Amino acid sequence: MARYLLGAFLAAAALSPTAAFAPTPMAAARKLQKLNAVAVGNDVASVGKVPTSGKDGSSNTGAMIDLDGIAFSGLKGKALSIKAEDFPQAREIRGVIPEDCFEPETAKSLGYLSVSVAGTVACTAVGIAMLGVFDPANPFTWPLWAGYSAVTGTVAMGLWVLAHECGHGAFSKNKKLQDAVGYIIHSIMLVPYYSWQRSHAVHHQYTNHMELGETHVPEPMESEEDGSYALRANFIKTLGEEKGMKAWGVFQGFLHLVVGWPAYLLIGATGGSARGMTNHFYPEPLTTPDQPKKELFPGNWKEKVYQSDIGIAAVVASVGVWSLCNGLPEVMALYGGPLIVINAWLVLYTWLQHTDVDVPHFTNEDHTYVRGALHTIDRPYDKLDPWGAIDFLHHKIGTTHVAHHFDSTIPHYKAQAATDAIKEKFPELHLYDPTPIPEALWRVCKGCTAVEKRGDMYIWNNKGLEDTL
């Protein structure tokens with residue numbers, strides 16, 4: 001894991017950025033569940049086992065590691081109960097997904113793009129009209145502009161998702177059209193298209209991998225006196241358990257949702273240790289990687305990084321001219337604020353899709369592509385609002401993410417069919433946490449701090465704090 005200092009936030013203690021950005025465990029577990037999980041439907045408690053549901057609704061019981069110090073999420077320990085030999089081959093999973101799911105339809109993709117463009121343009125038009133009434137240079141208008149940023153950034157996140165789909169090759173069979181759409185949208189959002197395309201593919205290949213994972217790789221707990229585990233303990237010691245955990249949650253939430261994305265692009269924050277410190281605008285490692293053969297931008301990707309930089313430079317120059325002509329307050333009101341919200345949504349999705357208090361990570365010896373992909377979590381983003389509008393605007397990226405992680409060439413409008421097929425054939429392997437998103441985020445912020453090795457997996461250690469999560 002890359003251990004880079006993140007200046008302003010590390011004055012209080014020696015803390016690596018990986019520690020600072022480490023996902024926080026958040027699943028609520030009772031103390032009496034620390035060592036045992038009772039198999040529902042069985043008459044006898046099964047020590048070290050947890051129930052899972054079979055296709056017929058019956059209860060299956062999988063093996064489980066020692067649960068001491070592990071809190072439970074809405075998954076109820078399901079991810080911890082699955083043994084390595086339980087995972088099928090990739091071809092078996094692909095075989096149950098309808099073949100049509102792997103075929104992008106350009107017209108349909110452009111249709112969804114038009115929806116996201118129209119929504120973003122409409123919000124921007126409202127913002128431009130607001131400038132004549134509410135001067136963004138006036139601090140008294142800032143709450144109003146913050147609300148505007150929240151709405152516009154939420155709508156524009158749909159554009160980010162579609163550009164992400166272009167990077168996966170799931171937008172169109174027309175590669176030139178696909179790359180043009182992705183390059184333009186991502187450049188406007190200050191994302192280097194080809195650089196991110198490469199790093200995100202690595203993230204998919206090594207999901208929940210302790211050394212080679214590319215985002216939200218946990219901090220390994222070397223001792224209770226070091227790293228973010230000790231820093232959280234200091235919060236608790238200083239403020240008391242309840243207030244200390246809340247303060248830690250706010251701290252972690254801010255680092256991830258606000259600082260996290262630019263820190264990832266600039267220094268590879270939360271990336272695995274194997275590649276050293278990385279930068280998405282410069283293809284060479286900034287520090288000596290542990291595994292030089294696994295560098296982030298090998299071969300021809302180095303040139304693609306610089307091609308990405310051209311788009312970023314053009315947008316940065318345009319924003320600079322805009323600021324000189326109309327002032328920084330206007331730029332922040334119409335562009336900077338919504339962009340911060342887009343980045344927060346991006347981190348929220350990536351963080352919660354792969355992290356919770358009872359979802360493990362694996363080393364090189366125990367990780368496989370399928371095992372990593374099936375430790376992705378589908379969540380109820382369709383219930384974020386009464387109408388499912390946010391899930392629609394974001395093209396269901398969070399509700400069908402297991403299928404997306406198994407095969408990222410599946411277009412978002414066919415991901416539900418793929419999800420249903422996986423759930424029907426492999427119900428004991430599909431992870432779905434019904435916890436409401438705000439509650440799940442708060443649990444992760446407080447609980448996912450550092451991991452320790454148990455058996456063939458790394459688990460989040462929350463010993464003594466299970467009841468606070």
Open item on the list: Using alpha carbons only, how many angstrom separate the centre of the range 206-261 from the centre of the range 125-185?
Closed with: 30
Open item on the list: Tell me the accessible surface of F297 in square angstrom (1.4 angstrom probe, heavy atoms of protein chains only), to the nearest ten.
Closed with: 0
TODO: In debye, nearest 20, what is the charge dipole magnitude of the chain about its Cα centre with +1 on Lys and Arg Cβ and -1 on Asp and Glu Cβ, if you could check?
DONE: 260
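Run the count for the range 236-306, please: Lys pairs, Cα-Cα under 20 angstrom, 8 or more apart or on different chains.
5
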Open item on the list: Counting heavy atoms of the protein chains only and a 1.4 Å probe, report the per residue accessible area for the range 321-469 as a whole number of Å².
Closed with: 33
TODO: Quick one: check the C-alpha center-to-center distance for the range 278-343 versus the range 349-391, whole angstrom.
DONE: 27
TODO: Compute the relative contact order of the range 322-401 as a whole-number percentage, counting only Cα pairs closer than 8 Å that sit 6 or more residues apart in sequence.
DONE: 22
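For the peptides 236-243, 345-352, what is the packing order when you average, over each peptide's residues, the other Cβ atoms within 10 Å and list the highest mean first? Provide the component values of the computation, followed by the final result.
On the way: 236-243: 12.9, 345-352: 22.9.
Result, highest mean Cβ count within 10 Å first: 345-352, 236-243.
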- [ ] Mind checking the per residue accessible area of the range 169-312 for me, 1.4 Å probe, whole number of Å²?
- [x] 42
- [ ] Name the residue farthest towards the positive end of the dipole of the chain from the options V359, F251, H375, assuming +1 on Cβ of Lys and Arg, -1 on Cβ of Asp and Glu, about the Cα centre.
- [x] F251
Open item on the list: As an exercise, find the ratio Rg/Rh for the range 398-450 from alpha-carbon atoms, using the Kirkwood inverse-distance average for Rh.
Closed with: 1.06
Open item on the list: Could you give each residue of the range 456-469 its phi-based ³J(HN,Hα) in whole Hz, using Karplus coefficients 6.51, -1.76, 1.60 with θ = phi - 60°, and x for Gly or Pro?
Closed with: 9, 9, 9, 10, 6, 9, 10, 4, x, 10, 4, 6, 8, 9
TODO: Count the net charge of all other residues whose Cβ sits under 13 Å from the Cβ of R371, scoring Lys and Arg as +1 and Asp and Glu as -1.
DONE: -4
- [ ] Leaving ligands, DNA and RNA out of it, rank C123, C325 by accessible area with a 1.4 Å probe, largest first.
- [x] C325, C123
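Let me know the Kirkwood hydrodynamic radius for the chain, please, with Cα pairs as the basis and the value in Å to one decimal.
Answer for the chain: a Kirkwood hydrodynamic radius of 23.0 Å.
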Open item on the list: Using a Cα-Cα cut-off of under 20 Å, which aspartates and glutamates could be cross-linked to K173, ignoring same-chain neighbours fewer than 8 residues away?
Closed with: E99, D100, E103, E105, E165, D407
TODO: Could you pull out the pairs from K78/K453; K425/K453; K396/K423 whose alpha carbons sit more than 24 Å apart here?
DONE: K425/K453
Open item on the list: I'd like to know which of I312, T399, M130 lies farthest towards the positive end of the charge dipole of the chain, counting +1 on Cβ of Lys and Arg and -1 on Cβ of Asp and Glu.
Closed with: M130
Task: Accessible surface of I340 - all protein chains present, 1.4 Å probe, nearest 10 Å² - done: 80
- [ ] Could you work out the relative contact order of the chain, using alpha carbon pairs under 8 angstrom and six or more residues apart, expressed as a whole percent?
- [x] 29
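In debye, nearest 20, what is the charge dipole magnitude of the range 172-328 about its Cα centre with +1 on Lys and Arg Cβ and -1 on Asp and Glu Cβ, if you could check?
Dipole of the range 172-328, to the nearest 20 debye: 700 debye.
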Task: Two-site label geometry, Y432 and T288: point separation in nm, points 7 Å out along Cα→Cβ - done: 5.0
Task: Surrounding net charge for K446, when Lys and Arg each add one and Asp and Glu each subtract one, Cβ distance under 9 Å - done: +3
Task: Probe 1.4 Å, all protein chains present, accessible-area order of T449, T287, largest first - done: T287, T449
- [ ] Run the accessible area of the chain with a 1.4 Å probe and give the carbon-and-sulfur part as a rounded percent.
- [x] 61
Task: Helical contribution to [θ] at 222 nm, DSSP H n ≥ 4, -39,500 (n - 2.57), averaged over the chain, rounded to 500 - done: -14500 deg cm²/dmol
- [ ] Sort W322, W460 by accessible area with a 1.4 Å probe, largest first.
- [x] W322, W460
- [ ] Round to the nearest 10 and report in Å² the accessible area of R94, as given by a 1.4 Å probe over the protein chains' heavy atoms.
- [x] 90
TODO: Give, as a single signed number, the net charge of other residues whose beta carbon lies under 15 Å from the beta carbon of N300, with Lys and Arg counted +1 and Asp and Glu -1.
DONE: -1
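The values are calculated or read from the model by the stated rules, or taken from the named source; none is laboratory data. In this text, all values refer to a predicted model and were calculated from it rather than measured experimentally. Methodologically, a virtual Cβ is constructed for each residue, glycine included, from the backbone with ideal geometry; neighbour enumeration extends over all protein chains shown. These accessible areas exclude ligands, DNA and RNA; they are computed on the full protein's heavy atoms, side chains included. Shrake-Rupley method; radii C 1.70, N 1.55, O 1.52, S 1.80 Å.
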